[in-house]
Amino acid sequence: MAAKLHYNMRDLGVPSATSQAAGYSVLNLAESPVDKPWRSTTNALQNIDIDLGSAVAVTAVGVQMTNAPSFTVLADTFTVPTTNRGTLTPYADNAGRRKGVLAFAATVRYIRLQIPATSVVADDDDTVQTYYTIGAVYVFGSTLMLPRDPSYAASVKVNTPQQRVDLPNGQALAVVTGPNVSDISLPFSVRSSHDIERAGRLARLGPCWLDLDIASERWRQWPVRSVEDNFTRRIARTNAEAVELAFRELA
């Protein structure tokens with residue numbers, strides 16, 4: 001386990017795709033809301049092509065909310081990239097959202113996410129679709145290795161945005177007002193010299209990807225922002241301090 005925060009998000013420019021269903025443009029991938037996705041017209045092989053505008057450093061590519069079983073990531077400085085950077089595998093989290101990140105270090109301009117022609121992953125209700133869908137794609141240019149991994153007692157709270165309507169007959173209805181979103185609270189035991197708060201500051205500046213990098217629990221990763229108004233550092237004794245950072249998933 002080596003927790004890390006990918007940051008310095010790159011502009012995706014104008015992405016293109018092998019196919020796109022009406023109302024589900026591939027341009028949606030450059031935006032964050034997962035309820036405004038790209039959708040293909042079939043589950044045949046699909047290519048998502050991204051032009052970053054110029055050759056820049058890239059350290060990670062993340063995919064949020066997808067039913068694709070995997071992505072082959074090709075990236076280099078050629079218009080049609082051929083350098084295989086590895087396989088990005090999405091994992092389902094406790095909110096039922098499948099996401100994944102692939103970390104690699106390279107200077108590239110063009111990125112292709114290739115989805116194989118295969119069966120898509122079933123939804124929670126076991127529905128198997130005949131198309132691929134992606135909520136958002138993130139490309140990052142920098143990575144912060146956290147000086148300490150989170151301590152035990154970290155928490156992930158799944159929020160379901162809704163409005164509750166109480167009916168005269170005593171029943172209640174929940175009207176969903178948005179997609180599920182996770183709040184991640186991470187305690188850290190650090191030395192006085194460890195600037196763990198930098199992770200929170202970076203997540204206030206722009207979208208980041210928090211990856212706890214637990215090999216047996218790869219779903220513990222999220223695109224995040226920090227919306228907290230303070231960071232508290234508790235001094236237990238000389239060179240032994242505690243900090244808690246809070247992040248909200250981008251969904």
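The values are calculated or read from the model by the stated rules, or taken from the named source; none is laboratory data. Only a predicted model underlies this, so the values are computations on that prediction, with no experimental measurement involved. No Cβ is skipped: glycine too gets one built from the backbone with ideal geometry, and neighbour counts run over all protein chains shown. Keep in mind that these areas ignore ligands, DNA and RNA; they rest on the heavy atoms of the full protein, side chains included. Shrake-Rupley method; radii C 1.70, N 1.55, O 1.52, S 1.80 Å.
Please count how many residues of segment 168-199 are more than 15 Å from residue 3 (Cβ to Cβ) and open to solvent by 60 Å² or more (accessible area, probe 1.4 Å). Lay out the reasoning, then the answer.
Within segment 168-199, the subset more than 15 Å from residue 3 (Cβ to Cβ) is 168-183, 191-193.
Checking which are open to solvent by 60 Å² or more (accessible area, probe 1.4 Å) leaves us with 168-171, 173-177, 191-193.
Residues flagged as more than 15 Å from residue 3 (Cβ to Cβ) and open to solvent by 60 Å² or more (accessible area, probe 1.4 Å) within segment 168-199 amount to 12.
Quick check on residue 81: is it under 20 Å from the mean Cα position of the chain (by Cα) and not in a strand (DSSP E or B)?
Details: under 20 Å from the mean Cα position of the chain (by Cα): no; not in a strand (DSSP E or B): yes.
Against the criterion (under 20 Å from the mean Cα position of the chain (by Cα) and not in a strand (DSSP E or B)), residue 81 does not qualify.
Taking segment 175-192, which residues are closer than 30 Å to residue 242 by Cα, assigned to a strand (DSSP E or B) and not hydroxyl-bearing (Ser, Thr, Tyr)? I'd like the intermediate steps shown before the answer.
Of segment 175-192, the ones closer than 30 Å to residue 242 by Cα are 180-192.
Keeping just the survivors that are assigned to a strand (DSSP E or B) gives 181-190.
Answer for segment 175-192, where residues must be closer than 30 Å to residue 242 by Cα, assigned to a strand (DSSP E or B) and not hydroxyl-bearing (Ser, Thr, Tyr): 181, 183, 184, 186, 187, 188, 190.
For segment 201-245, what are the residues that are of a type in the set (A, V, I, L, M), open to solvent by 30 Å² or more (accessible area, probe 1.4 Å) and within 19 Å of residue 149 (Cβ to Cβ)?
Taking segment 201-245 first, the residues of a type in the set (A, V, I, L, M) are 202-203, 205, 210, 212, 214-215, 224, 227, 235-236, 240, 242-243, 245.
Next, from what is left, pick out any that are open to solvent by 30 Å² or more (accessible area, probe 1.4 Å): 205, 214-215, 227, 235-236, 242.
Listed by number, the residues that qualify are 214, 215, 236, 242.
May I ask you to verify whether residue 29 is of a type in the set (A, V, I, L, M, F, W, C), modelled with pLDDT of 95 or more, open to solvent by less than 60 Å² (accessible area, probe 1.4 Å) and closer than 30 Å to residue 186 by Cβ?
Here the answer is no, as residue 29 does not meet what is asked.
Which condition number does residue 163 fail, the rest of (1) open to solvent by 20 Å² or more (accessible area, probe 1.4 Å); (2) in contact (Cβ under 8 Å) with a residue 40 or more places away in the chain being met?
Just one mismatch for residue 163, condition (2).
Can you report the number of residues in segment 182-201 which are of a type in the set (D, E, K, R) and more than 25 Å from the chain's Cα centre (by Cα)?
The number of residues fulfilling the criteria is 1.
In segment 137-153, how many residues are under 23 Å from residue 98 (Cβ atoms) and modelled with pLDDT of 95 or more? Quick ask: steps written out before the conclusion?
To start, the set of residues in segment 137-153 that are under 23 Å from residue 98 (Cβ atoms) comprises 137-140, 143, 150.
The next check asks that each one be modelled with pLDDT of 95 or more; those that pass are 137-140, 143.
Adding up the residues that qualify gives 5.
Residues checked against (1) under 25 Å from residue 206 (Cβ atoms); (2) surrounded by 15 or more Cβ atoms within 10 Å (Cβ to Cβ); (3) at pLDDT below 95; (4) aliphatic (A, V, I, L, M):
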residue: 2; (1), (2), (3), (4): yes, no, yes, yes
residue: 25; (1), (2), (3), (4): yes, yes, no, no
residue: 33; (1), (2), (3), (4): yes, yes, yes, no
residue: 46; (1), (2), (3), (4): no, yes, no, no
residue: 73; (1), (2), (3), (4): yes, yes, no, yes
residue: 84; (1), (2), (3), (4): no, no, no, no
residue: 87; (1), (2), (3), (4): no, no, no, no
residue: 97; (1), (2), (3), (4): yes, yes, yes, no
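Spot the failing condition for residue 92; the list is (1) within 19 Å of residue 142 (Cβ to Cβ); (2) of a type in the set (A, V, I, L, M, F, W, C); (3) open to solvent by 20 Å² or more (accessible area, probe 1.4 Å), and only one is missed.
Against the list (1) within 19 Å of residue 142 (Cβ to Cβ); (2) of a type in the set (A, V, I, L, M, F, W, C); (3) open to solvent by 20 Å² or more (accessible area, probe 1.4 Å), residue 92 comes up short only on (1).
Can you find a residue in segment 33-53 that is basic (Lys, Arg), in a strand (DSSP E or B), in contact with a strand residue (DSSP E or B) (Cβ under 6 Å, 6 or more places away or on another chain) and without any contact (Cβ under 8 Å) to a residue 40 or more places away in the chain? Lay out the reasoning, then the answer.
First pass over segment 33-53, keeping only residues basic (Lys, Arg): 36, 39.
Of the ones still in play, those that are also in a strand (DSSP E or B) are 39.
From the residues that got through so far, the ones that are in contact with a strand residue (DSSP E or B) (Cβ under 6 Å, 6 or more places away or on another chain) too are 39.
Next cut, without any contact (Cβ under 8 Å) to a residue 40 or more places away in the chain only: none.
No, every residue in segment 33-53 fails to be basic (Lys, Arg), in a strand (DSSP E or B), in contact with a strand residue (DSSP E or B) (Cβ under 6 Å, 6 or more places away or on another chain) and without any contact (Cβ under 8 Å) to a residue 40 or more places away in the chain.
Considering only residues that are of a type in the set (A, V, I, L, M, F, W, C) and not in a strand (DSSP E or B), which ones fall in segment 115-174? Walk me through how you get there before you give the answer.
We begin by selecting, within segment 115-174, every residue of a type in the set (A, V, I, L, M, F, W, C); these are 115, 117, 120-122, 128, 134, 136-137, 139-140, 144-146, 153-154, 156, 158, 165, 167, 172-174.
Of everything in segment 115-174, those that are of a type in the set (A, V, I, L, M, F, W, C) and not in a strand (DSSP E or B) turn out to be 117, 120, 121, 122, 128, 146, 153, 154, 167.
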